[in-house]
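*Asks:* Dropping the structure in here first, questions after.
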Amino acid sequence: MLSAFLLLSSSVAFAANTQTVKATVSNLKYTLNGKNWTAKTTAKPVVINGTTYLPIGVVKEATKTNITVDSKTGKINIGEKGVKTPFQQVSFNYDYFSNTRNKSYTNIEGKEYKEVLYTKFSAFAHDYSTPDKKYQTLHLDLFAPKETVEVTVFEDLIDDRSLGNISVEPGKVTSLEVNVSDVKKIMISLKNFDNGEHEFVILPTSYYK
């Protein structure tokens, strides 16, 4: 647990130059935006030489800012990463969606894509992605060929934890960005309760960052 606090201290070097220090566990309580707040993590703040250090998990949860540690480079990344990770390179469940190279769905707004994620559904559909708390932002480029589709991104498969939603009108690429900091798994939910089957596409320009 102590290492989680030391990672926030600029005075502690990486790897071989780390130091052993004495710390006092604090029972300080939190307020967030003026209201009493309880963090999900059970880790406590510690005091070292008169300075209070917060657990990384508390900072991530309270500020909705992603913080990751790269043990290979010895760097701490705060917020968005400098490189975009294609959406499909992150773990994805193919329950409703599948990859297609059908030109009826890969030629969108005059641009030809090699391959897209495609689904045909009645009333609703959903699929899952697992960012595993590694990213700050999910950017989705979405396309509905024929009918309007309501899209909602939920946290951890729970229907009352919406991270963001948008109405995708037919024939136009629409983008949705949501904050996925400290989120392990998401559900992408599609809805259209009109009669018949509906089609939907997630473009390969979608990414995590």
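The values are calculated or read from the model by the stated rules, or taken from the named source; none is laboratory data. Here the structure is a predicted model, which means the values were calculated and not measured. When we count neighbours, we look across all protein chains shown, and the Cβ atoms used for this are built from the backbone with ideal geometry, even at glycine. SASA here: full protein model, heavy atoms, side chains in, ligands and nucleic acids out. Shrake-Rupley method; radii C 1.70, N 1.55, O 1.52, S 1.80 Å.
*Asks:* Among the strands (runs of 3 or more DSSP E) contained in the range 46-159, which hold 2 or more residues that are aliphatic (A, V, I, L, M), touching an Asp or Glu at 6+ places or on another chain (Cβ under 8 Å) and open to solvent by less than 60 Å² (accessible area, probe 1.4 Å)?
*Replies:* Result: 137-143.
*Asks:* I want to confirm something. Restricting to the range 165-190 and keeping residues that are modelled with pLDDT under 95 and in contact with a Gly (Cβ under 9 Å, 6 or more places away or on another chain), which single residue is least open to solvent (accessible area, probe 1.4 Å)?
*Replies:* Going through the qualifying residues, I end up with S181.
*Asks:* Okay, moving on. In the range 109-124, what residues are more than 26 Å from the chain's Cα centre (by Cα) and within 24 Å of Y207 (Cβ to Cβ)?
*Replies:* Result: E109, G110, K111, E112.
*Asks:* When only residues in the range 20-45 that are among the aliphatic types (A, V, I, L, M) and in a strand (DSSP E or B) count, which is farthest from Q136 (Cα to Cα)?
*Replies:* V25
*Asks:* List the number of the failed condition for L176; all other conditions in (1) out of contact with any His (no Cβ under 8 Å at 6 or more places or on another chain); (2) assigned to a strand (DSSP E or B); (3) not hydroxyl-bearing (S, T, Y) hold.
*Replies:* Only one criterion is unmet by L176, namely (1).
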